[in-house]
Amino acid sequence: MSDAIRIHDLSTLSAAGRHALLARTEADLGPFLDAVRPIVAAVKAEGDEAVARFTRDFDKASVSADGLRVSQEALDTAPGLLEPEVMAAIDFAADSIRRFHEAQLPEEMWWKEVRPGVFAGDRIRPIPSVACYVPRGKGAFPSVAMMTTIPALAAKVPNVVIITPPGPNGQVDTATLAVAKRVGVTQVFAAGGAQGVAAVAYGTATIPKCDKIVGPGSPYVVAAKRLLADAIDTGTPAGPSESIILADGSVDGALAALDLIIESEHGPDSSAWLVTDSRKVAEQAAAALPGHWAEMSEVRAGFSRTVLTGPRGGIVLAPDWDSAIGFVNDYAPEHLQVLSRDPFADAARIDHAGEILLGPYTPVTIGNFVLGPNAVLPTGGHARTASPLSVFDFLKRTSIGYVSAAGYPALAEQARRLATYEGFDGHARAVSEVRDRLLKRS
């Protein structure tokens, strides 16, 4: 496979060519929707049997319908099966993630006197149940297990479960089980892909129906979530990984290339761009990439090379810094790292990104694992309207109101006028003199 990295010069691209650079894998879910529709239907009709059958077919895992739930023994023993330094890293990351998300928690209730004698506010409660999807196909992701379960537990969700594809031996990743044990999740199921999403959307004899599902996944998972949006809250749109490294002329191109590789190694369906206004940086980065790949495993280097030499990755050369920032805002990346002379000032100009990591000491690796803010981020351009996963995704607000006898007359008069204008006689009558007479009788 060629190591040639194409440099896309924005100054010479047509509008259509520029638009093509913004495309993601999940932009056209049509084929994936067609593929997962029969899977979803089968799980709804057959439950555990269908989940196990598709898991054997797609994950090549020896799983039976009565073996989908991970045993308590497997959870209990998992932390001791890991190398001590790996377990220490998990504990370190979990502590950072817990600290951040506990700091996010809002008050359980607030209200204020918005007018004399009129009080309004919110009451906060956790959602009843959530399924945390932990991907497995292109690697093991205990970090995702932490990023999804810890904020749910911080929000005090009563029922938290993990669904994740098993390996070929039918076993769930040991580090993911160790996370579950450490944080206190006791329900883990060897079920991923579209069949796992359908299982928690509908519920089976083994896998509980959940109110919400969170966590990133393949286009098949994204498609299943879209099909099942009426059966389960599908949360933050999180598909294949994507990133932009925004670099000005002060940056060593080899360093920019090092960080460009991070998200591109997730898989061939990822998207990763270096955006710069410096031809020198662009050429340095292109020259450095093959050397970086040579020091990586064949699999991960292959994923990165596929992305960075393909249609959804590489280098974008902007004619000036304003154009570079404009491209980032149009792209609305999942991950954005700013490598520039003044990253704080430049970050203020970014309107759309799942996360913004500032400076050379904050690569996406740090954000993905140990910084604390959530690394489950909106993909596919959804950062224009969506936010990172947080405790707020596991909480719901209920409006609270109270009007005193003294505050009532002023509100009733205006409400009656609006109700009358909109033609709601019952609304108007409920705040008319009829109410006044009835209140005097009580």
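Annotations for the structure displayed:
- Residue within segment 404-412 that is within 30 Å of His266 (Cα to Cα) and open to solvent by 20 Å² or more (accessible area, probe 1.4 Å) present: no
- Test for Val130: is it in contact with a Phe, Trp or Tyr (Cβ under 9 Å, 6 or more places away or on another chain), at negative phi and open to solvent by 10 Å² or more (accessible area, probe 1.4 Å): no
- Test for Ala224: is it open to solvent by 40 Å² or more (accessible area, probe 1.4 Å) and either of a type in the set (Gly, Ala, Ser) or in a loop (DSSP other than H, G, I, E, B) (or both): no
- Single match in Glu85, Glu49, Glu73 (criterion: farther than 20 Å from Gln171 by Cα and either of a type outside the set (Lys, Arg) or within 24 Å of the chain's Cα centre (by Cα) (or both)): Glu85
- Residue in segment 257-270 that is more than 26 Å from the chain's Cα centre (by Cα), surrounded by 24 or more Cβ atoms within 10 Å (Cβ to Cβ) and not in a helix (DSSP H, G or I) present: no
- Subset of segment 140-156 (residues that are surrounded by fewer than 24 Cβ atoms within 10 Å (Cβ to Cβ) and either closer than 22 Å to Leu105 by Cβ or over 19 Å from the mean Cα position of the chain (by Cα) (or both)): Ser143, Leu153, Ala154, Lys156
- Filter result (open to solvent by 50 Å² or more (accessible area, probe 1.4 Å), touching a residue at least 40 places away in the same chain (Cβ under 8 Å) and over 14 Å from Ala247 (Cα atoms)) within segment 356-378: Thr365, Phe369, Leu371
- Residues that are open to solvent by 20 Å² or more (accessible area, probe 1.4 Å) and part of a helix (DSSP H, G or I), drawn from segment 330-342: Asp330
- Annotation note: of Ala190, Ala205, the sole residue that is among the aliphatic types (A, V, I, L, M) and open to solvent by 10 Å² or more (accessible area, probe 1.4 Å) is Ala205.
- Boolean, Gly249 is more than 25 Å from Gln104 (Cβ to Cβ) and at pLDDT 95 or above: yes
- Residues in segment 385-400 that are hydroxyl-bearing (Ser, Thr, Tyr), under 14 Å from Pro151 (Cβ atoms) and open to solvent by 30 Å² or more (accessible area, probe 1.4 Å): Ser387 alone.
- First in segment 412-426 and closer than 20 Å to Leu439 by Cβ, second anywhere and open to solvent by 80 Å² or more (accessible area, probe 1.4 Å), Cβ under 9 Å, 6 or more apart: Ala412/Arg435; Ala415/His427; Arg416/His427; Arg416/Arg429; Ala419/Asp425; Ala419/His427; Ala419/Arg429
- Test result for Ile124, modelled with pLDDT of 95 or more, closer than 25 Å to Ala229 by Cβ and touching a strand residue (DSSP E or B) at 6+ places or on another chain (Cβ under 9 Å): yes
- For segment 74-90, filtering for residues that are in contact (Cβ under 8 Å) with a residue 12 or more places away in the chain and open to solvent by 60 Å² or more (accessible area, probe 1.4 Å) leaves 3.
- Scanning segment 271-295 for residues that are surrounded by fewer than 22 Cβ atoms within 10 Å (Cβ to Cβ) and either part of a loop (DSSP other than H, G, I, E, B) or among the small types (Gly, Ala, Ser) (or both) gives Ser278, Ala286, Ala287, Ala288, Gly291, Ala294, Glu295.
- Summed over segment 381-414, the residues that are in a helix (DSSP H, G or I) and over 41 Å from the mean Cα position of the chain (by Cα) give a count of 7.
- Set side by side, the residues Lys138, Lys212 differ, and just one is touching a helix residue (DSSP H, G or I) at 6+ places or on another chain (Cβ under 8 Å), at pLDDT 95 or above and basic (Lys, Arg), which is Lys212.
- Screening Asp351 with (1) open to solvent by 20 Å² or more (accessible area, probe 1.4 Å); (2) touching a helix residue (DSSP H, G or I) at 6+ places or on another chain (Cβ under 6 Å); (3) outside any loop (DSSP other than H, G, I, E, B) gives one miss only, at (3).
- Residues located in segment 289-330, provided they are touching a residue at least 60 places away in the same chain (Cβ under 8 Å), under 20 Å from Ile5 (Cα atoms) and of a type outside the set (A, V, I, L, M, F, W, C): Pro290, Gly302, Arg305, Thr306, Thr309, Pro311, Arg312, Gly314, Pro319
- Ala20 hydrophobic (A, V, I, L, M, F, W, C), part of a helix (DSSP H, G or I) and either on the phi < 0 side of the Ramachandran plot or open to solvent by less than 60 Å² (accessible area, probe 1.4 Å) (or both): yes
- The selection criterion, being open to solvent by less than 50 Å² (accessible area, probe 1.4 Å), farther than 28 Å from Pro343 by Cα and either within 13 Å of the chain's Cα centre (by Cα) or aromatic (Phe, Trp, Tyr) (or both), does not hold for Phe424.
The values are calculated or read from the model by the stated rules, or taken from the named source; none is laboratory data. Note that the structure is a prediction, hence the values are computed from the model and not measured. Cβ coordinates were reconstructed from backbone atoms using ideal geometry, including for glycine residues, and neighbour counts include every protein chain displayed. All accessible areas refer to the heavy atoms of the entire protein, side chains included, with ligands and DNA or RNA removed. Shrake-Rupley method; radii C 1.70, N 1.55, O 1.52, S 1.80 Å.
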